[in-house]
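Q: The structure under discussion is supplied below as structure tokens; questions concerning it will follow.
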């Protein structure tokens, strides 16, 4: 099976894919949007994308693309992968010699307190991926730049490891979602432990109590919400879309009826995935 992930080789996504599906053929792509759209355009059978980090929250490029562009893509499962970072360089450096820190914005956010405590003099520069950052500094054997990335990336690109376990919380982990074309996704389970992810928005969102009315349909149906997050709808200021994770499958009577009732309040309701856990 060919599985797209955020490349180049050595990223957290690569690490998670190797752990979850060691026999899969990984296909690295340049951006998270590229990964999602590769499934939408049927250039790939599956993809593994980060959905949420324990420290930094939702991964915006993935959520936005699933909600607004990839209408024929579904989440069909998830895996939680522990995330740990090292400080990589092209040569041995003392920390007070470092002038610049490179990494993906999510990784920089997950290590911000460590950076402030140990590299206060260094400028912070975001890159397309953690592996891109490690690859860049590993090729510079005379510079004073370092990268924050997975140990896998440091090994893959031959970088020197200056420090380990940089994440601000030892419980740091990322929830990854498996993506598939919607018409190739398995039917939602009729019973057993399950999770449903959906997004909704609506013209009534400016009315007092609108969001409460939307969420109340789940309470009345006895459905437990485990996560809610808002994102700009990208139409005009003040319009938002709301992402929900809830317990249960749309194949169950309670979740199915709650989602049907949500359609009465929201302009758009899209189930992003419903799968067993």
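The values are calculated or read from the model by the stated rules, or taken from the named source; none is laboratory data. These numbers were taken from a predicted model, which means no experiment stands behind them. Cβ atoms come from the backbone with ideal geometry, glycine included; neighbour counts cover every protein chain shown.
Q: For the stretch 150-171, indicate whether the set of residues that are free of Cβ contacts under 8 Å to residues at least 12 places away in the same chain, within 23 Å of the chain's Cα centre (by Cα) and at negative phi is non-empty.
A: yes
Q: Quick check: anything in the stretch 31-46 buried (at least 22 other Cβ atoms within 10 Å of the Cβ) and in a strand (DSSP E or B)?
A: Yes, the stretch 31-46 contains at least one residue that is buried (at least 22 other Cβ atoms within 10 Å of the Cβ) and in a strand (DSSP E or B).
Q: Which one is surrounded by the most Cβ atoms within 10 Å (Cβ to Cβ), of the residues in the stretch 102-126 that are in contact with a helix residue (DSSP H, G or I) (Cβ under 6 Å, 6 or more places away or on another chain), modelled with pLDDT of 95 or more and closer than 20 Å to residue 7 by Cα?
A: It comes out as 103.
Q: Looking at (1) touching a strand residue (DSSP E or B) at 6+ places or on another chain (Cβ under 9 Å); (2) part of a helix (DSSP H, G or I); (3) at pLDDT below 95; (4) surrounded by fewer than 15 Cβ atoms within 10 Å (Cβ to Cβ), which one does residue 171 not meet, given that it meets all the others?
A: Result: residue 171 fails condition (2) only.
Q: Can I ask one more? Restricting to the stretch 233-265, name every residue that is touching a strand residue (DSSP E or B) at 6+ places or on another chain (Cβ under 6 Å) and within 19 Å of residue 69 (Cα to Cα).
A: 233, 240, 241, 242, 243, 244
Q: Residues in the stretch 181-190: is at least one at pLDDT below 90 and farther than 23 Å from residue 70 by Cβ?
A: Scanning the stretch 181-190 turns up at least one residue that is at pLDDT below 90 and farther than 23 Å from residue 70 by Cβ.
Q: Restricted to the stretch 192-227, and to residues that are in contact with a strand residue (DSSP E or B) (Cβ under 9 Å, 6 or more places away or on another chain) and exposed (fewer than 14 other Cβ atoms within 10 Å of the Cβ), which residue is modelled with the lowest pLDDT? Spell out the reasoning first.
A: So the first thing to find is which residues in the stretch 192-227 are in contact with a strand residue (DSSP E or B) (Cβ under 9 Å, 6 or more places away or on another chain), and the list is 192-202, 205, 211, 214-215, 218-219, 223-227.
If we keep only those that are exposed (fewer than 14 other Cβ atoms within 10 Å of the Cβ) too, we end up with 192-193, 219, 224-226.
Numbers: 192: 85, 193: 92, 219: 96, 224: 96, 225: 96, 226: 95.
Only one residue fits best here, namely 192.
Q: Do the conditions hold for residue 177, that is, is it closer than 30 Å to residue 55 by Cβ and assigned by TED's automatic domain parsing to the domain that holds residue 68?
A: Working: closer than 30 Å to residue 55 by Cβ: yes; assigned by TED's automatic domain parsing to the domain that holds residue 68: yes.
Yes, satisfied.
Q: Taking only the stretch 53-74 into account, find how many residues are modelled with pLDDT of 95 or more and closer than 22 Å to residue 19 by Cβ.
A: 1
Q: So is residue 61 over 27 Å from residue 240 (Cα atoms) and either in a strand (DSSP E or B) or touching a helix residue (DSSP H, G or I) at 6+ places or on another chain (Cβ under 7 Å) (or both) or not?
A: Values: over 27 Å from residue 240 (Cα atoms): no; either in a strand (DSSP E or B) or touching a helix residue (DSSP H, G or I) at 6+ places or on another chain (Cβ under 7 Å) (or both): yes.
Against the criterion (over 27 Å from residue 240 (Cα atoms) and either in a strand (DSSP E or B) or touching a helix residue (DSSP H, G or I) at 6+ places or on another chain (Cβ under 7 Å) (or both)), residue 61 does not qualify.
Q: Residue 99 versus (1) at pLDDT 95 or above; (2) buried (at least 20 other Cβ atoms within 10 Å of the Cβ): which is the lone unmet condition?
A: Evaluating residue 99 over (1) at pLDDT 95 or above; (2) buried (at least 20 other Cβ atoms within 10 Å of the Cβ) leaves (2) as the failure.
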